[in-house]
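Undergrad: I'd like to ask you about the structure that follows.
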Ligand SMILES: NC(=O)c1ccc[n+]([C@@H]2O[C@H](COP(=O)([O-])OP(=O)(O)OC[C@H]3O[C@@H](n4cnc5c(N)ncnc54)[C@H](O)[C@@H]3O)[C@@H](O)[C@H]2O)c1
């Protein structure tokens, strides 16, 4: 019996056809996060042979062990994964964590994972790794700048020794701060200039600028050579509601830290910025 993980996906389903046609018995383990059972129904129709389908996640060790023993699998062909090749070459590897995490042990773990992402980028031939600066919420922005100047340069050096550039998204990450203040100190052109001086690059997302009162075009114009990746995301502002909350957003009734109450993200074209495609 051959176990095909991700067998309902693009490559997996074609592999199942070949395996069934070659006379093998096949069991598919798939969580259908990027596929549907219909593909496997079609495989069986094309081959005029049945295969076994198990819905499960490859991260669930018990589920894997159960399939292997229950069906007596002797071969595993592994296709389950979220990344298509196209995505992996057009997008940076991303690890959006708080590089200035207040807990030092956790901060070290996060730095170690950024290094893993850099190693993975080298193996995949991807030129950039995306992350945030982050913020220690118990410190002022000025103190965070000083902390970042200790934490980030070793990562930049690790990356540059391997031909990789670290890009920082300008997401405000207000939901990371108990009062809705910026949780990622990379939210303004002033901070971009500072992070460029550390050897970092910009992963530009215009949607995070408008609610900060920053013109997304004028802001990026001087720095286009430092923008190695950009995201098309839109934002819709409701100035009438801002008159009630002010820029920081809801204060008294803010159950969701991300809900400022006066703006929301939109797909490109449905918000305020003009996207010229
Ligand atoms: N498509 C290509 O040209 C190509 C080329 C080389 C390598 N690859 C790699 O081969 C693998 C499969 O590619 P694909 O194009 O068939 O992708 P796909 O998205 O069509 O198939 C992946 C399948 O895995 C399933 N899956 C995802 N996460 C799972 C999980 N945690 N547990 C169980 N099932 C899960 C999805 O539901 C899907 O059916 C990927 O790792 C991809 O990077 C793809």
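Undergrad: Name, by its number, the condition in (1) within 25 Å of residue 267 (Cα to Cα); (2) outside any strand (DSSP E or B); (3) modelled with pLDDT under 95 that does not hold for residue 235.
TA: Looking at each condition in turn, residue 235 falls short on (2).
Undergrad: Kindly indicate whether residue 216 is in the same structural domain as residue 98 (by TED's automatic domain parsing), surrounded by 12 or more Cβ atoms within 10 Å (Cβ to Cβ) and touching a helix residue (DSSP H, G or I) at 6+ places or on another chain (Cβ under 6 Å).
TA: So residue 216 fits the description; yes.
Undergrad: To continue, here is another question. Might you let me know whether region 6-22 holds any residue that is part of a loop (DSSP other than H, G, I, E, B) and more than 10 Å from the ligand (Cβ to nearest atom)?
TA: Checked against the condition, which is being part of a loop (DSSP other than H, G, I, E, B) and more than 10 Å from the ligand (Cβ to nearest atom), region 6-22 yields at least one hit.
Undergrad: Give the residue, chosen from 143, 161, 190, that is closer than 16 Å to residue 117 by Cα, assigned by TED's automatic domain parsing to the domain that holds residue 203 and without any contact (Cβ under 8 Å) to a residue 12 or more places away in the chain.
TA: 161
Undergrad: For region 52-60, state whether one or more residues are part of a helix (DSSP H, G or I), surrounded by 18 or more Cβ atoms within 10 Å (Cβ to Cβ) and in contact with a strand residue (DSSP E or B) (Cβ under 9 Å, 6 or more places away or on another chain).
TA: No - not one qualifying residue is present in region 52-60.
Undergrad: Of all residues in region 38-58, which are near the ligand (Cβ under 10 Å from one of its atoms), touching a helix residue (DSSP H, G or I) at 6+ places or on another chain (Cβ under 8 Å) and over 15 Å from residue 25 (Cβ atoms)?
TA: 39, 56, 57, 58
Undergrad: Could you list, in sequence order, the residues of region 190-211 that are part of a helix (DSSP H, G or I) and either surrounded by 18 or more Cβ atoms within 10 Å (Cβ to Cβ) or within 18 Å of the chain's Cα centre (by Cα) (or both)?
TA: Correct list: 191, 192, 195, 206, 207, 208, 210, 211.
Undergrad: Still on this model: Can you find a residue in region 87-97 that is more than 30 Å from residue 135 (Cβ to Cβ) and out of contact with any strand residue (DSSP E or B) (no Cβ under 6 Å at 6 or more places or on another chain)?
TA: Yes, region 87-97 contains at least one residue that is more than 30 Å from residue 135 (Cβ to Cβ) and out of contact with any strand residue (DSSP E or B) (no Cβ under 6 Å at 6 or more places or on another chain).
Undergrad: If I ask for residues that are assigned to a loop (DSSP other than H, G, I, E, B) and over 26 Å from the mean Cα position of the chain (by Cα), which ones from region 61-82 would you list?
TA: Listed by number, the residues that qualify are 71, 72, 73, 74.
Undergrad: Do we have any residue at all in region 110-122 that's assigned to a loop (DSSP other than H, G, I, E, B), modelled with pLDDT under 95 and within 16 Å of the ligand (Cβ to nearest atom)?
TA: The answer is no, given that none of the residues of region 110-122 is assigned to a loop (DSSP other than H, G, I, E, B), modelled with pLDDT under 95 and within 16 Å of the ligand (Cβ to nearest atom).
Undergrad: Which residues, taken from region 23-51, are part of a loop (DSSP other than H, G, I, E, B) and more than 15 Å from residue 77 (Cβ to Cβ)?
TA: Matches in region 23-51: 23, 31, 32, 33, 34, 35, 36, 48, 49, 50.
Undergrad: Report, by residue number, each residue of region 132-167 that is closer than 20 Å to residue 106 by Cβ, touching a helix residue (DSSP H, G or I) at 6+ places or on another chain (Cβ under 6 Å) and not in a loop (DSSP other than H, G, I, E, B).
TA: 155, 158, 166
The values are calculated or read from the model by the stated rules, or taken from the named source; none is laboratory data. Computed from a predicted model, the values in this text were never measured in an experiment. Neighbour counts run over all protein chains shown; Cβ positions are idealised from the backbone, glycine included.
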